[in-house]
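J.: Sharing a structure below in structure tokens format, with a few things to ask.
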Amino acid sequence: MRRVVIAGLMIMAACGPGLPEGATGQEVYNASCARCHGSDLKGTSLAPGLGPGSEFVNKDDAYAAQTITRGRGSMPSFGNALSGDQIERVLTYLREQP
């Protein structure tokens with residue numbers, strides 16, 4: 001049952017309302033990522049942290065962009081929901097966090 005709930009939440013996150021093309025990296029993160037990864041970037045029971053000290057900081061941008069675009073493991077694909085520019089902006093936002 002827990003897996004069904006988690007899958008449903010992830011689908012809702014992936015299918016949320018579209019963002020303006022010019023949305024900032026923080027806006028993209030808040031609308032598309034924070035629900036699972038946490039508004040503080042520290043992760044939740046659904047997904048790992050993406051902030052300082054997380055494993056994410058050691059991943060290169062190509063790996064991260066591919067993960068966002070195609071999904072990985074239990075993370076859904078955002079390739080149809082976010083443009084390449086929006087993905088670049090959210091990665092820049094994540095890399096800039098102290």
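J.: Hey, can you rank 50-62, 29-41 by average C-beta count inside 10 Å, highest first? Working shown, then result.
T.: On the way: 50-62: 13.4, 29-41: 18.5.
Peptide ranking by packing, descending: 29-41, 50-62.
J.: Short version: ³J(HN,Hα) in whole Hz for each residue of the stretch 25-42, in order, from phi by Karplus 6.51 cos²θ - 1.76 cosθ + 1.60 (θ = phi - 60°), x for Gly and Pro, what are they?
T.: Each residue's phi maps through the Karplus curve to give x, 5, 5, 4, 4, 4, 7, 10, 10, 4, 4, 9, 8, x, 5, 9, 6, 8 Hz.
J.: Return the long-range amide H neighbours of residue 50 (sequence gap of 5 or more, or a different chain), with a cut-off of under 5 Å between placed amide H atoms.
T.: For residue 50, the qualifying residues are 42, 43.
Here, each number is a calculation from the coordinates, and none is a lab measurement. Being a predicted model, the structure only gives us computed values, none of them experimental. Reconstructed Cβ throughout: ideal geometry from the backbone, glycine too, with neighbour counts over all protein chains shown.
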